[in-house]
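Derivation of every value follows stated rules applied to the coordinates shown; laboratory data play no part. Given the structure is predicted, the values throughout are model-derived calculations rather than measurements. Please note: Cβ atoms are built from the backbone with ideal geometry, for glycine as well, and neighbour counts cover all protein chains shown.
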There are 2 protein chains.
Amino acid sequence: MGKNNAIGVFDSGLGGLSAVRVLKKILPDEKIIYFGDTGRVPYGTRSPEIITKYALDDMNFLSSFGLKAALVACGTVSSVALGALREAFDIPITGVVEASAKKACEISKNKRIALLATPATVKNAAHERYINENFDGFSVMGVGCPMFVPLVENAYVSRDCKVTRMIADEYISKLYDFAPDCIILGCTHYPIIRDIILDSARKIISEDISIVDSGEEAAHEIKRFLERENLLSDEKGGSVEYYVSDEVYGFCESASLFLGETISDVRKIDITSYHYTDNN
Amino acid sequence: MGKNNAIGVFDSGLGGLSAVRVLKKILPDEKIIYFGDTGRVPYGTRSPEIITKYALDDMNFLSSFGLKAALVACGTVSSVALGALREAFDIPITGVVEASAKKACEISKNKRIALLATPATVKNAAHERYINENFDGFSVMGVGCPMFVPLVENAYVSRDCKVTRMIADEYISKLYDFAPDCIILGCTHYPIIRDIILDSARKIISEDISIVDSGEEAAHEIKRFLERENLLSDEKGGSVEYYVSDEVYGFCESASLFLGETISDVRKIDITSYHYTDNN
């Protein structure tokens, strides 16, 4: 694939836009194609089989653009289905697990790392496996946070929102005995409520705690990959095209929360018509 | 169709089980086939187009059992897609809108009826249309409650659960000026938190307020239909078969909350292989 091909990014819905925001900032001359599977969100409370099936469809759609690289900006898919995606598609694919796990190991001093993520991601334990295989002496504790995605998607995100603070306290309390000094936000929705999570962690665990944003780390990983492979765009001025699998209107309304800017050029596609089969 | 054919019931996920519970009680000798589209839940925050598409698939699956009647135990589908279902399938189909709207008009003295439902159901305003066409002088106010389904699906359901109480207070407060004396629970998930909703309504609106459970009313409507058409089963001892579109395990775990009993005989199907087309 050539330098000026696009980078594909997908997520179950809106969350991946937090990674797009970073990509746009650090790679302003790249062409980005984003797909949000809003017709089938959420993924994180579903089974590995269904998540893998949906992820293959999503990448099948994105691959039609002829990508030079793809970012799976969904913690759940990165944990559960990255292997299946890499096997099925001849595209360099980066997930959000490895870069964030590596970063957490660099930052943590007491070598106790917490993972806040969807139930599917926690159950899969991909972060723990990666850390055990690549670093010594770390322990990882995952806490499934099934309410965070609906809270974020329904805009319960202001720092003083009592409901989200109570739910955050409930999840963070499970980490009290483990006493981590670093928390990975393993779902790309969570950076939107980063302040609430950090407030809760400082109150319940320790003032001295760091947060790793997995979407942000993965965006930096993509940049390093393009530099290494000499695949950075040599055209000036990047662009982002947005595609979703449910109505455009609702997506545009919420997207600004994640992107920090309003968008209007979003197109709807029928994701079931990109159903992936081995014969593709 | 014969007397001893099954009654089909479907919902986006677990909620419809609250209607199955009533059906089993009032029609103990019927054979019931339940389908919960757990692989694509929730429906209520999606667009009418996607909801209709999913509902046609769901009924397409159920129709393969040769039904004598079907109950759409999903407020969202009943509001948005009942017409499309009745056009596509030659089966008597009952939704949850009409029976609950009728019941609310019988009960309400001040003729102000509130509807708590998913955003898609509220936007569609099917209850209001039905009431305006069939009753005089009633007004209806709908409040979209997008957090209730995730709260119920994640078991935030005990009467003293602070988070659910706060969210309920937020939604019920929107009804303060309207001052209804009757509230329709327009989504079959909501009966699970009926006590919380009632506590909130008594506190914020009035001690003298009634709740109408749309799944329950629809179950009674089905019974009246079978009696009228002489279609009641003449065999003794009913049964329920459960089908879902994601993993069986999670469904069994949560189902007891809705059914008041544990179940184990649940089968998983691939709902995408029942994709409905006009040529079916």
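What is the Å³ per residue value for the convex hull set by the Cα atoms of chain A? Here the figure is 118 Å³ per residue. Converting phi to 3J(HN,Hα) with the Karplus coefficients 6.51, -1.76 and 1.60 and the offset θ = phi - 60°, the range B:233-242 yields 4, 9, 9, 9, x, x, 7, 10, 10, 10 Hz in sequence order, with x at every glycine or proline. Note that the range A:19-27 has calculated 3J(HN,Hα) couplings of 6, 4, 4, 5, 4, 4, 6, 8, 10 Hz, one per residue in order, obtained from phi through the Karplus relation 6.51 cos²θ - 1.76 cosθ + 1.60 (θ = phi - 60°); glycine and proline are x.
Between the Cα long axis of helix B:248-259 and the first principal axis of chain B there is an angle of about 50°, rounded to the nearest 10. The Cα-based radius of gyration and maximum Cα-Cα distance (Dmax) for the range B:148-227 are 13.7, 44 Å. Electrostatic tally near residue B:231: other residues with Cβ closer than 9 Å to its Cβ, Lys and Arg +1, Asp and Glu -1, net +1.
Extent along the principal axes, Cα only, for the protein assembly as shown: 75, 53, 43 Å, with the longest axis given first.
Shortest first, residue B:207 label-point distances to identical copies amount to 5.1 nm, with the label point at 7 Å from Cα along Cα→Cβ. Taking amide hydrogens as placed 1.01 Å from N in the peptide plane, the amide H of residue A:69 sits under 5 Å from those of A:8, each at least 5 positions away in sequence or on another chain. The alpha carbons of the range B:197-245 occupy a box of 48, 33, 19 Å along the principal axes, longest dimension given first. Take residue A:230, move 7 Å from Cα toward the beta carbon, and the resulting point lies 8.6 nm from the same point in each other copy, nearest first.
If a/c stays under 1.5 just call it rounded; otherwise compare a/b with b/c (prolate if a/b is bigger, oblate if not). Do that for the range B:96-238, with a ≥ b ≥ c from the square roots of the Cα gyration tensor eigenvalues. Because a/c hits 1.5 or more and a/b fails to exceed b/c, the range B:96-238 counts as oblate. On the rotation axis linking copies A and B, which residue of A comes nearest by its Cβ, and by how many whole Å? Of all Cβ atoms in chain A, the one nearest the axis gives A:150, 2. A straight Cα-to-Cα reach below 30 Å connects residue B:162 with the lysines A:123, A:162, A:174, A:203, B:123, B:174, B:203, residues fewer than 8 places away in its own chain not being considered. Taking a Cβ cut-off of under 11 Å around residue A:109, the surrounding Lys, Arg, Asp and Glu residues balance to a net charge of -1, with basic ones at +1 and acidic ones at -1. Placing a label point 7 Å from the Cα of residue A:106 along the Cα-to-Cβ direction, the distances to the matching points in the other copies come to 6.8 nm, shortest first. Taking A:263, A:50, A:113 in turn, the Gaussian network model of chain A (Cα-Cα springs below 10 Å) assigns the largest fluctuation to A:50. The alpha-carbon atoms of the range A:20-163 define a convex hull whose volume equals 144 cubic angstrom per residue.
When the Debye formula is applied to the Cα atoms of the range B:173-280, each taken as the same point scatterer, what base-10 log of I(q)/I(0) results at q = 0.14, 0.21, 0.23 Å⁻¹? Summing over Cα pairs of the range B:173-280 leads to -0.90, -1.14, -1.19. For peptide B:43-49, the mean count of partner chain Cβ atoms within 10 Å of a residue's Cβ comes to 4.
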